[in-house]
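Everything below concerns the one structure shown next.
The values are calculated or read from the model by the stated rules, or taken from the named source; none is laboratory data. Model, not experiment: these values are computed from the prediction. Please note: Cβ atoms are built from the backbone with ideal geometry, for glycine as well, and neighbour counts cover all protein chains shown. Just so you know, the surface numbers come from the protein's heavy atoms only, side chains and all, with ligands and any DNA or RNA stripped out. Shrake-Rupley method; radii C 1.70, N 1.55, O 1.52, S 1.80 Å.
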Amino acid sequence: MSEQQGGFWDSIEAKLEAKERVKGFAKVKKDFYRSWGPGGPKKEDAAQAVNKAEEDAQESKGHNEDNHDNDEANKDGRKRPMNSAQRRTANYKKQKIEDKRRRGHMARPAWDNLCGFAARDEACPFQEKKGKCQYSHDTVKYVEDKPLRKGMPCPSFAKHKFCKSGIRCLFGEEHTKIETKQSDDGTSVQVARNVDMRSEEEKASAEKAAARGAGRGRDSGFSDIDECNYLRPDLVHQVRKKKYDFSKSGGPADAEPRKRRTAADFANKIYIAPLTTVGNLPFRRVVKDLGADITCGEMALAKDIVSGSGSEWALLRRHKCEDFFGVQIAGSAPKLMREAATLLDRETTIDFIDVNLGCPIDLVTDMGAGSALMTRVTKLRSIAEEMLGATQGRMPIGLKMRAGWSSQKFTATTLASEIQGWRHVLPYGSSICYTAVHGRSRQARYTSTADWDYIQSVAARPIATEALFRKNRFVGQTSLEPVPVFGNGDILCYSDWEDHMSRVTDWRAHIDEVLEDAQDPKSRLHLLINQGKLSAGGNSLISEIEASAQDGEKGTDAAGSVAADLDALQARLTTCMIGRGALIKPWISTEIKEKRHWDISGAERMEHIKSFVDYGLEHWGSDLTGVNKTRRFLLEWLSFTCRYVPVGVLDPIYVPQHMNDRPPCYVGRDDKETLLSSTSVKDWVKISELFLGPAPEGFVFEPKHKSNSYSASVEERGDLTAPIVVAAPGSS
């Protein structure tokens, strides 16, 4: 345990007595503060918890330092370092093992052996042709043996008057009935059947929606459960057999025209960032209920989209409440990215595509995707060119990046200038609709605070670059608006949002920096800007443009309009993305729109969790598989919500809570608030059992983001919360 972290617990009392706000600390009111128990803090327990977090963070840092250590170790005759291919293979195997352990694979219970055909009340082909099926056909015994959640209504049946899980539904007491029917040999047998309370008109409408969903792509509309973007069986066959025609341009001939989104549509909108694992469809429905404007699907790999992977296409699903929705894809091969963009344009109903340039995960960066693309600008330009050509300007494309690969050298400003140049030189380049910047490097991951000063400097670059373009190429050239820049990182309250959105940077101060970047012969800016025409510095250039605008005889000259147009522009962020802030406080959109710090109660937070569970059972199903998936993703989300400290519990000078502020041990104002503040996995499972029933025997959950989890429960610790360590979220 480092001295700094150890000092946090050693100096709790001193921090509680401090009159001014202490950085990284969330002071609670004395009425709610609880010490570690009799005898003071158990330093060895705190040390063990923090050391575990340190080990997990060190393990996830990547392999650059490991390779350096191995290079040094070779001098002593130890193991040689792995090459890139070996490292990718090792990372893949390691990830598969971790995923299997984290998901807690369990043996299938004995009662869950019903034949799928029997569950749907259809004739079983195995029973008819071979005379034997390895699964049971006794539907009545299945209904009697399954662990029914009595007293818990089925959310799908309550909303749609029909449950797609049928008699497998664990909440299906009200829509499962036992009937007697005549068998083929004339004997009477009892069978369990799913009740359908829909009217004939509703059934016809659902069948029509299902038929559309099984047909074309963009014209398929929403299905009977209000979702779209399904992977059709015929599409799977075409892409896997290499029979899909990617060369054909345009979408389906009978598809309705898609509403063309522009940069103006993003302005000042609350954009929930794509979040791996936790940014699933049920969670997005929750944040939409609470005021979010723009949602984006979880990161999907281009190669898996093109290969027709069902699990990857599931990440593209969209609910009808998501009126402004995009998908995020990652890849390093221009051809694969072009084909993925073609499929998304033709076969899905989305509003924009977000290209991932920020994912720090080794599994992604080792194949050249994610934040690794920031170091390969030429390949990134080829990817942008291929995707723009494939969609022919119909689909807006955004780029989400980090500040840079290394913490020692940020490169997002240079890349922002390059992207502004692409808008001029690439076919359909004006369809690049935004550049989003996460204010940390790939190397930093989430271990430091986001650098918003740097994000503001990135916002100035497109305007400064466009000023040079207009000065050099205004005659006979089309002027373009600067690429909008979005900020991302550590927004946890409405005051954070307003502070970042209100800041203005003088873009004129960045002219010289753009010119300096253009001196690099490898840079595209060198060809676009530095053609021997610009010898003056930035201030002289601006003076020259302004003087041209004031010259009455040149009032009709394009240079005059350059100053008039750009002088009105201010280097400010178009909007901000919210990632972990939405996980910790899904109601943050409400706070931003109402401009208040919402002192939400434990009961209200429980209602949001119940909404997530209901949406999850609708989306994943209410059978055993669906319940287990809903439980798993709920627990992943709870690993973030526990970091929220209620406004009424915080000391007034510590309101609002900042992203990296962690509280001492405290109790809430009621039992629900106390339970929600726990960082114990066992307590999260208790919360899930309130809405999903008992967890299966032998159920084990390990959060994907390890720095959120601790093994001791409230009863075992003797306190009510464990030290909260800054978590590594699932966003890029």
### Task
Normalising by the residue count of the stretch 599-692, find the relative contact order in percent from Cα pairs under 8 Å and 6+ residues apart.
36
### Message
I'd like the accessible area for Ile272: 1.4 Å probe, protein heavy atoms, all chains in place, Å² to the nearest 10.
### Response
10
### Message
Whole angstrom only: what separates the Cα centroid of the stretch 602-654 from the Cα centroid of the stretch 332-351?
### Response
33
#### Entry: Computed accessible area, Val377, all protein chains, 1.4 angstrom probe, square angstrom
50
### Query
For the stretch 118-195, rounded, prolate or oblate, judged on the Cα gyration tensor with a ≥ b ≥ c (square roots of eigenvalues), a/c < 1.5 rounded, else prolate if a/b > b/c?
prolate
## Note on the structure
In order over the stretch 289-296: 3J(HN,Hα) from phi, Karplus 6.51/-1.76/1.60, θ = phi - 60°, whole Hz, x for each Gly or Pro, gives 4, 9, x, 5, 9, 10, 10, 9
### Query
Which order do Asp121, Asp196 take by accessible area at a 1.4 Å probe, largest first?
Asp121, Asp196
### Message
Among Ala123, Ser183, Phe171, which residue has its Cα furthest toward the positive end of the charge dipole of the stretch 118-195, with +1 on Lys/Arg Cβ and -1 on Asp/Glu Cβ?
### Response
Phe171
## Note on the structure
In terms of the alpha carbon gyration tensor, root eigenvalues a ≥ b ≥ c, rounded if a/c is under 1.5 and otherwise prolate when a/b exceeds b/c or oblate, the stretch 353-470 is oblate
### Query
Amide H to amide H, which residues 5 or more places from Lys585 or on other chains are under 5 Å from it, using H placed in the peptide plane?
none
## Note on the structure
Sequence order, the stretch 355-364: Karplus ³J(HN,Hα) from phi using 6.51 cos²θ - 1.76 cosθ + 1.60, θ = phi - 60°, Hz rounded, Gly and Pro as x, gives 8, 7, 10, x, 4, x, 5, 4, 4, 8
### Task
Hey, can you grab everything whose amide H is under 5 Å from the amide H of Lys177? Only 5+ residues off in sequence or another chain; H modelled, so Pro and N-termini drop out.
Arg193, Val195
### Task
Kindly sort Lys242, Lys288, Lys379 by accessible area of their heavy atoms, largest first, with the probe set to 1.4 Å.
Lys242, Lys379, Lys288
### Query
Looking at the stretch 159-192, which GluC sites (Glu not before Pro) are DSSP coil and have at most 14 other C-beta atoms within 10 Å of their C-beta?
Glu174
### Task
Apply the Karplus parameterisation 6.51 cos²θ - 1.76 cosθ + 1.60, with θ equal to phi minus 60°, to every residue of the stretch 185-200 and state each ³J(HN,Hα) to the nearest whole Hz, in sequence, with x for glycine and proline.
8, x, 8, 8, 10, 9, 9, 9, 9, 8, 7, 10, 9, 6, 6, 4
#### Entry: For the stretch 105-174 and the stretch 432-506, distance of Cα centres in Å
53
### Task
Would you mind computing, in nm to one decimal, how far apart the modelled labels at Asp453 and Lys181 are, each placed 7 Å from Cα along Cα→Cβ?
7.3
### Summary
Any residue on another chain or 5+ positions along whose placed amide H is under 5 Å from the amide H of Ile600 is listed here as Val647
### Task
May I ask you to give the average projected area over all directions of the convex hull of the Cα atoms of the stretch 599-692, in nm² rounded to one decimal?
6.1
#### Entry: Sequence of Arg149, Arg440 from largest to smallest accessible area, 1.4 Å probe
Arg149, Arg440
## Note on the structure
Using a 1.4 Å probe on heavy atoms of the protein chains only, the accessible area for His510 in Å², nearest 10, reads 20
### Task
Send over a whole-number figure in Å² for the accessible area per residue of the stretch 118-195, probe 1.4 Å.
63
